[in-house]
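Asker: The structure that follows is given in the form of structure tokens.
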Amino acid sequence: MNSMALNPLYETMETLLEQHERMLELSEQKKQAIIRNEVNRLTEITTKESRLLKQVITAEESRVSAAKAFLLEKGIQPSEENLKLSHIIQYVTSFEDKRKLSSLRKKLLELVERLKLVNEQNTILIQQAIKFNDFSLDLLMGDDQEVTYRRPTDTYSNKGVNLRTFDSKA
């Protein structure tokens, strides 16, 4: 028998799955934009990610509310620890509900892991791009050494250095 309080939990979990799938798609697009050095496209994707992240936060708040309602229906006082889906599943009595919630939880965890991996790859690509840009700038700018030619035996002090402008034999 399906608990009425589980329906909102199912709905928010499915919403979270869809949102995380879109986040993964955006992260993959971001990876390609970084590789191709498409700065405008990267900015556009980042803006979309920010909007989607706000939606994920809202959906997570809904999930927590649904979990609280379920626990209260069972006569259990909600706490930070028992609001986790792994704990909610323990309080579900129906095998079918346990299976469905476990499946949703597993899919979401897998998506989060894949998302984490792609984001780590993107971070590495960005760090490499920064290093490449720094290297390129160093090549273009050169060292801060003196630009004029000086014989290697010349020193900066005036001791023993003949600073004639013209050679007298000229």
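Values quoted throughout were computed directly from the atomic coordinates according to the rules given, and no laboratory measurement underlies them. Treat the numbers as computed from the prediction; the structure is a model and nothing was measured. For neighbour counting, all protein chains shown are included, and Cβ atoms are generated from backbone atoms with ideal geometry for every residue, glycine included.
Asker: On a 24 Å Cα-Cα criterion, which of the cross-link pairs LYS30/LYS116; LYS54/LYS74; LYS48/LYS84; LYS54/LYS98 come out too long? Before the final figure, lay out the partial values.
Answerer: Numbers: LYS30/LYS116 13 Å; LYS54/LYS74 31 Å; LYS48/LYS84 28 Å; LYS54/LYS98 29 Å.
Listed pairs above 24 Å: LYS54/LYS74; LYS48/LYS84; LYS54/LYS98.
Asker: Apply the a/c threshold of 1.5 to the C-alpha gyration tensor of region 2-89 and tell me whether it is rounded, prolate or oblate. Walk me through the intermediate numbers first.
Answerer: On the way: a/c = 3.67, a/b = 3.38, b/c = 1.09.
Prolate shape, in that a/c is at least 1.5 and a/b is the bigger ratio.
Asker: Over region 63-112, what number does the Rg to Rh ratio reach, with both radii from the alpha-carbon atoms and Rh per Kirkwood? It would help to have the intermediate numbers written out before the result.
Answerer: On the way: Rg = 10.8 Å, Rh = 11.2 Å.
Answer for region 63-112: 0.97.
Asker: Sticking with this one: According to a simple spin-label model (label point 7 Å from Cα along Cα-to-Cβ), what is the distance in nm between ASN133 and ILE35?
Answerer: A separation of 2.0 nm, rounded to one decimal place.
Asker: With charges set only on the Cβ (+1 for Lys and Arg, -1 for Asp and Glu), what does the dipole of region 29-120 come to about its Cα centre, in debye to the nearest 20?
Answerer: Working: 19 positive and 13 negative charges, 64 e Å.
Once rounded to the nearest 20, the dipole reads 300 debye.
Asker: Additional query: Take every Cα-Cα distance within region 39-138, group them into 10 Å bins from 0 onward, and report for each bin the whole-number percent of pairs it holds.
Answerer: Percent of Cα pairs in each bin: 12, 30, 25, 17, 11, 5, 1.
Asker: Tell me, what ³J(HN,Hα) does each residue in region 6-14 have, in order and in whole Hz, if you take phi through Karplus 6.51 cos²θ - 1.76 cosθ + 1.60 with θ = phi - 60° and put x for Gly and Pro?
Answerer: So the Karplus estimates, Gly and Pro as x, are 7, 4, x, 5, 4, 4, 5, 5, 5 Hz.
Asker: In whole angstrom, note down how far apart the Cα centers of region 83-141 and region 33-67 are.
Answerer: 13
Asker: Any idea which of SER79, THR47, THR93 is furthest toward the positive side of the dipole for region 41-112, if Lys and Arg beta-carbons carry +1 and Asp and Glu beta-carbons -1?
Answerer: Of the listed residues, the answer is THR47.
Asker: Right, here's the next one. Please get the size of the charge dipole for region 1-69, origin at its Cα centre, with Cβ charges of +1 on Lys and Arg and -1 on Asp and Glu, quoted in debye to the nearest 20.
Answerer: On the way: 10 positive and 11 negative charges, 48 e Å.
Charge dipole, region 1-69, about its Cα centre: 220 debye, nearest 20.
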